[in-house]
Amino acid sequence: MNSIDTTKLIRMRRMLHAHPELSGHERETQGRIKQFLNTETHAQCIDVAGTGLLAVFDSGKEGPVVLIRGDIDALPIEEINDFEHRSVYEGVSHKCGHDGHTTILLGLAMQLSARPLPKGKALLLFQPAEENGMGAEAVLRDPAFPAGEIDYVFALHNLPGFEKQMVVVKEGAFTAHVQSAIICLKGKTSHAAEPEHGINPAPAIAALLQYAQQHTHNEPAADDFFLLTPVYATLGEKAYGISAGYGEVHLTLRSWSSELMKEKSDALHAFVKQLAAAYGLKYELSWTQVFHANHNHPGAVAKVRQAAQTAGLQLMQAAVPFKWGEDFGLFTRCYKGAMFGLGAGKETPALHNPDYDFPDELIPAGVAVFEQIVRQTVGL
């Protein structure tokens, strides 16, 4: 990492780790990023999506425009680590590595300042609200975001379970299409001794949970991979003389394609409607936290491969997509682009584990790959 103070980046990453903020509340994080960029780089900073930031590196000469995205939000997880840079906020922590993703973009900004682009433009997007699936859409809808200028988009995600600094690539689907259903079932309470005088949603809830098990096809290598996972359910109150009159079931759906997702979500809605009619219930079904599948463009993946090889990093072809959701999929729906993985170590705790901490050794590798992608895209 020529001209880069790695120690300074590590210090910044640990500061971000110690001061995490939830989706849509990244105001202090935004301020820290902006202060770093203003002090250490020549970036033009533009606020986007409320708590996000766009760092613009414009050569002033016509050429390709490439966007590199890093996410900045944290999770509602209590950290159990006891190191010096542990989260100072109870119940909030960086357990997905977004502090590291942010720092990698800051290192890239330093490189683009030290060696300005000969032509074209690089946009470094510090995106809020990835964890709840709302950030990418908010950025794309922001009038300050130069949506019509972009030629390519790229992002990375750290991957525990893979060798450190290994670059993991895949054409086509890289992460799943994920969305969650909230199903509310309204019946009528009665005395628990006389349930026949009420309408209890319990049988319908039981049928829904069985439906989820029966319609799950947890085979990642199959094109019709589909997960229907119960994540929350409630029924009635802790009042033992009352037969329940209200219940909820929350489900998360996952597939490799938007087409299959539509087919399965329509089928689920039809089943809920049928259940409600059969048991005399009123129902409401709503969708939340929609993450579109990341579909990597072959040309963009080729750029990632070349960048990793130029940076002297190991490459690995993923056999199947990753089952988690990532809202960068909205960007790859709009532009040619790719998300790739960066190995975080085989012994590193899994993402969203309470003892996870982004490995600082990944920072120089991430910066190197992104810098090579930018320079080969705009022209060295």
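The values are calculated or read from the model by the stated rules, or taken from the named source; none is laboratory data. Since the model is a prediction, treat every value here as computed from it, not as a measurement. Using ideal geometry, Cβ is built from the backbone for each residue, glycine included, and neighbour counts are taken over all protein chains shown. Accessible surface is based on the protein model in full, side chains and every heavy atom, while ligands, DNA and RNA are left aside. Shrake-Rupley method; radii C 1.70, N 1.55, O 1.52, S 1.80 Å.
So is V231 under 23 Å from the mean Cα position of the chain (by Cα), open to solvent by 50 Å² or more (accessible area, probe 1.4 Å) and aliphatic (A, V, I, L, M) or not?
When the stated conditions are applied, V231 passes them.
When you look at E248, is it at pLDDT 95 or above, surrounded by fewer than 20 Cβ atoms within 10 Å (Cβ to Cβ), under 16 Å from A212 (Cβ atoms) and acidic (D, E), yes or no?
Judged against the criteria, E248 is a match.
Search segment 284-313 for residues being in a strand (DSSP E or B) and open to solvent by less than 50 Å² (accessible area, probe 1.4 Å), and hand back the single one that is farthest from V367 (Cα to Cα).
Result: L285.
Contact list please: Cβ distance under 6 Å, first residue in segment 21-50 and of a type in the set (V, I, T), second residue part of a loop (DSSP other than H, G, I, E, B), pairs at least six apart or on different chains.
Pairs that qualify, where the first residue is of a type in the set (V, I, T) and the partner is part of a loop (DSSP other than H, G, I, E, B), are T29/E21; T29/I72; I46/A144; V48/D142; V48/A144; V48/F145.
Considering only segment 322-364, how many residues are of a type in the set (G, A, S), touching a Leu at 6+ places or on another chain (Cβ under 9 Å) and buried (at least 24 other Cβ atoms within 10 Å of the Cβ)?
Final tally of qualifying residues: 2.
Within the set of pairs 6 or more residues apart or between chains, which connect a residue that is touching a residue at least 24 places away in the same chain (Cβ under 8 Å) inside segment 8-19 to a residue that is open to solvent by less than 50 Å² (accessible area, probe 1.4 Å) and part of a loop (DSSP other than H, G, I, E, B) with Cβ atoms less than 6 Å apart?
Filtered contacts from segment 8-19: I10/D360; R14/H85; H17/H85; H17/H94; A18/H85.
List every residue pair whose Cβ atoms lie under 7 Å apart, where the two residues are 6 or more positions apart in sequence or sit on different chains, the first residue falls within segment 155-174 and is within 17 Å of W324 (Cβ to Cβ), and the second residue, located anywhere, is aromatic (F, W, Y) and open to solvent by 10 Å² or more (accessible area, probe 1.4 Å).
V168/F162; A173/W256; F174/F322
Within segment 18-28, count every residue that is buried (at least 20 other Cβ atoms within 10 Å of the Cβ) and out of contact with any Ser or Thr (no Cβ under 7 Å at 6 or more places or on another chain).
Within segment 18-28, residues that are buried (at least 20 other Cβ atoms within 10 Å of the Cβ) and out of contact with any Ser or Thr (no Cβ under 7 Å at 6 or more places or on another chain) number 1.
For every residue, the table says whether it meets (1) in contact with a Pro (Cβ under 7 Å, 6 or more places away or on another chain); (2) surrounded by 17 or more Cβ atoms within 10 Å (Cβ to Cβ); (3) over 22 Å from W324 (Cβ atoms).
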residue	(1), (2), (3)
N38	no, no, yes
G52	yes, yes, no
S59	yes, no, yes
V65	no, yes, yes
I77	yes, yes, no
E90	no, no, yes
T103	no, yes, no
M110	no, yes, yes
A114	no, no, yes
